[in-house]
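FYI, it's all coordinate maths here, none of it is from the lab. What you see is a predicted model, and the numbers here were worked out from it, not measured in a lab. Reconstructed Cβ throughout: ideal geometry from the backbone, glycine too, with neighbour counts over all protein chains shown.
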Amino acid sequence: MTSQKELEILRESLRQHNYRYHVLDAPIISDGEYDRLLHELKAIEAEHPEWITPDSPSQRAGAPPASKFDKVPHPAPILSLANAFGAEDTRAWFERICKLDERVKEATFTVEPKLDGLTVVLHYSDGIFVQGATRGDGEVGEDITANLRTIKAIPLKIPIESSKKRERSSQPSLFFQDQFPIPNHLVVRGEVFITHEEFNRLNERQEEAGAKTYLNPRNTAAGALRQLDSRVTATRPLTLFIYQIVHAEGGEVPNSQWERLEYLKELGFPVNPDSRHFKRLDETIQFVEGWEDDRLQLPYEADGIVIKIDDRILSDSLGIVGKDPRGSIAYKFPSLEVTTTLNDIQVEVGRTGVLTPKAMLEPVEINGVIVRNATLHNFDFIAEKDIRIGDRVLLKRAGEVIPYIIASIAEARSGQERPITPPSNCPACHEPVEKIQDEVAYYCVNAACPAQLIRNIEHFVSRTAMDIVGMGGKIVAQLVQAGLLGDVADLYTLQKEDLLKLEGFKEKKATNLLTSIEASKEQSLERLLTGLGIRGVGEAVARDLVEYFGDLDSLLSATQADLEAIEGIGPNIALTIVDWGLSAHNEQILEKLRDADLNLAVGKQHAAPQEQALTGLTFVITGTLPTMSRKEAKEYILARGGKVTGSVSSKTDYLLAGEKAGSKLTKAENLGVEIIREDALKTI
């Protein structure tokens, strides 16, 4: 019989593990172990519903749909910021406020990336998260508490004890909780967003499921926060950073903005590690200008840098102009949006049969990169935006997100533009296409479609799956067209004499390719499962499934209910996995893979010790490397047990730097992070 005290110990353990994973990015248990603890908590609470509390980690899954959003008045105005477009504007702002108060001349500055997300206001009563709202008009917002509870980076209870212990042991002189106990009522402001990496993964999952893909991270985050059904919000990869104390009642808070960020961090709030503190305006501007070059390397969308007078009492005393506080300004980056002409579209066939329209553009430069192609998402998007061939279109590129068309410019039309209609036949096999009800995708359902087979094999041999070196798209197409590959398992039956008959193959090339195929047999079950291309099963889902089941036979004999019991596996993915396992064609593929002696169970992995030499080490990559792309360097590190993050912090072990390293190099030098070059990476 579990007592309430034991239940609270379990809750506190889950809070700390959640904090380490979603805020510190430094978990100490596996996802599977966390899921088992959470399952145990839910089971206890199911037996004792009277013990459930609002701050319980079980309360993040989402509540029943609401009929509307109630209005929430803010305890203080949630203000916007005036903009500065360059160093000259920034100095003019500084000169203006110096005339208002002589003390500004001696002021220091805190700078924070201006995230392109959604502003939220969080209320804590006696350390418990009790309400969350949108910004609204700055005076009144909408109550989205149920949706915000699903964001795992938001602490449902403060302070996080593990944070307190960590700070006390490492930097006791900076421990602000000793000076500023938590106010009885604390209101903080933050920005909810989706990282580029998570956004791309989300769209990949949507595309594989035949569902609508999303236009950009900001709109996706906004739509998720305004869902009336918070269970839908819980399926979106939302996170946030907190950057402002709006109101504190029943306790004091630090007067310095920089110290407030440290204080918020100590309480357990996620705070942007890219924020900085400077003593003079010139070095502030120098830092900001460096960020313009690095902006596309950031893991999130940022359209500028906010510069704040660090002394909040001085800053507040400067007053407000309209709805803009004088003590802060947003240094805006140049826009990454341009216009160009849509010359044509090309319809590509994905490995699951989805037909995807791609824009063929008049080449245009965006931030030093020539863009010729862009995503058009799907044919519903084209119809909704009334995009036509020959249109002038508005194009955006942000971070690692593929360039995408935002809209057409109807006013620029000459009358010669042509509407875009979905194809009635597959462009690869010319068989009729189908559109499944309630899905936006058009499918080629011909199992023998060569384009699907080629895409399937390309995915199987890719770096994130079986990593068969030398097996590029052209070679895959050549082997399929020669009739040597009918499915992915046929790779392991290729013979040298067959390859030597093909154009471009000599003894050395054939030998190298077969050696690489043979080496791929040692890849992990997780990579194999990723490579099989089951709709909805990407790297993250494959990792969870392998950790839960341990071998492929157990996974494919699981029921839909078994699969849905795993955190993050919904009914659609569960049903897809079950259907895949029941296919006679797929069973034949598995039999061939068994005969080829591939790893179909965790225990069969043969990873060499040196392959995990980077376990426990965190890297940041910046600049242009001599022989590797950033993606290749990241894959090299991940394959050896290391972790790669997007920004430098005190937790970074190494900065892997190439040419034109930019502000990340400066930050690493200031924090004492070890800086290495590409050749040194392979000696760690």
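Each residue, Q437 and V469, gets one label point 7 Å from its Cα in the Cβ direction; the gap between the two is 5.2 nm. For the stretch 450-604, the equivalent ellipsoid derived from the alpha-carbon gyration tensor has semi-axes of 30, 15, 13 Å in decreasing order. Look at the dipole of the stretch 379-459 built from charges on Cβ: of L395, F379, T421, the Cα furthest out on the positive end belongs to L395. Using the Cβ of N373 as centre and a radius below 13 Å, the other residues enclosed give a net charge of 0, where K and R count +1 and D and E count -1. Across the cross-link table entries K396/K660; K279/K667; K631/K660; K114/K667, which are compared at the Cα atoms, the separations over 21 Å belong to K396/K660.
With each run of n ≥ 4 DSSP H residues scored as -39500 (n - 2.57), what mean residue ellipticity at 222 nm is computed for the chain after dividing by its residue count and rounding to the nearest 500 deg cm²/dmol? Kindly include the intermediate steps, with their values, before the conclusion.
Working: 25 runs with 243 residues, N = 684.
When only DSSP H runs of four or more count, the value is -10500 deg cm²/dmol.
Taking amide hydrogens as placed 1.01 Å from N in the peptide plane, the amide H of I345 sits under 5 Å from those of M360, each at least 5 positions away in sequence or on another chain.
Note the angle between two axes, namely the Cα long axis of helix 630-639 and the longest principal axis of the Cα atoms of the chain, as a number of degrees from 0 to 90, rounded to the nearest 10. With both axes taken from Cα atoms, the answer is about 80 degrees. Charges on Cβ only, +1 for Lys and Arg, -1 for Asp and Glu, centred on the Cα centroid of the chain; of I675, Q4, N18, which one is farthest towards the dipole's positive end? The one lying farthest along the dipole's positive direction is I675. DSSP assigns beta bridges within the chain; of those with both partners inside it, close to 85 percent run antiparallel. Annotation for the stretch 1-21 versus the stretch 389-448: alpha-carbon center distance of 49 Å. Alpha-carbon geometry of the stretch 337-442: the Rg and the Dmax are 14.2, 42 Å, given in that order.
Each residue in V140, V578 was given a count of other beta-carbon atoms within 10 angstrom of its own, and listing them fewest first yields V140, V578. Taking amide H as placed 1.01 Å from N in the peptide plane, the amide H of K114 sits under 5 Å from that of D303, G304, I305, V306, each at least 5 places away or on another chain.
Using the alpha-carbon centroid of each, what span in Å lies between the stretch 530-562 and the stretch 449-471? Using only Cα atoms, the two centres lie 19 Å from each other.
Isolated cysteines of the chain, defined as having no other cysteine beta carbon under 4.7 Å away, are C98. Only beta bridges with both residues in the stretch 73-332 are counted; by DSSP, about 95 percent of them are antiparallel.
The antiparallel fraction among DSSP beta bridges confined to the stretch 609-681 stands at about 10%.
Using per-residue counts of other Cβ atoms within 10 Å, averaged over each peptide, order 411-421, 662-672 from highest down. Provide the component values of the computation, followed by the final result.
Details: 411-421: 10.9, 662-672: 17.1.
Taking the mean over residues of other Cβ atoms within 10 Å, the ranking is 662-672, 411-421.
Here the dipole of the chain is about 1040 debye; that uses its Cα centre as origin and unit charges on the Cβ of Lys and Arg (positive) and Asp and Glu (negative). Against the chain, whose longest principal axis comes from its Cα atoms, helix 257-267 is set at around 60 degrees.
Separation of the stretch 625-643 and the stretch 275-341 by C-alpha centroid, Å? Here the two parts' Cα centres lie 31 Å apart. Subtracting the Cα-Cα distance of I684 and K332 from their residue separation scaled by 0.36 nm leaves 122.8 nm. With an a/c value of 1.5 or above and a/b not larger than b/c for the gyration tensor axes a ≥ b ≥ c computed over the alpha-carbon atoms, the stretch 608-684 is described as oblate. In 20 Å bins starting at 0, how do the alpha-carbon pair distances of the chain split up by percent? For the chain, the binned pair fractions read 15, 48, 32, 5, 0 percent. Maximal additional length on extending the L494-I676 stretch stands at 61.4 nm, based on 0.36 nm per residue less the C-alpha distance.
By counting other Cβ atoms within 10 Å of each Cβ, how are Y404, Y331 ranked from fewest to most?
Ascending Cβ contact count within 10 Å gives the list Y404, Y331.
Beyond 29 Å in Cα-Cα separation lie the following of the pairs K152/K664; K99/K265; K509/K682; K105/K157; K157/K651; K358/K435: K99/K265; K105/K157. Amide hydrogen proximity for E431: with H placed 1.01 Å from N in the peptide plane, the residues at 5 or more positions away or on another chain lying under 5 Å are C426.
Think of the chain as a dipole: +1 on every Lys or Arg Cβ, -1 on every Asp or Glu Cβ, centred on the Cα centre; then among T666, H123, I454, T666 lies furthest on the positive end.
Sorting 274-281, 235-242 by their mean Cβ neighbour count within 10 Å, with the most densely packed peptide first, gives 235-242, 274-281. If I fit a long axis through the Cα atoms of helix 584-595 and take the longest principal axis of the Cα atoms of the chain, what angle between them do I get, 0 to 90°, rounded to 10? Rounded to the nearest ten degrees, it is 90.
Please sort 619-630, 77-88 by packing, taking for each peptide the average over its residues of neighbouring beta carbons within 10 angstrom, highest first. Can you show the working numbers first?
Working: 619-630: 17.4, 77-88: 15.8.
Peptide ranking by packing, descending: 619-630, 77-88.
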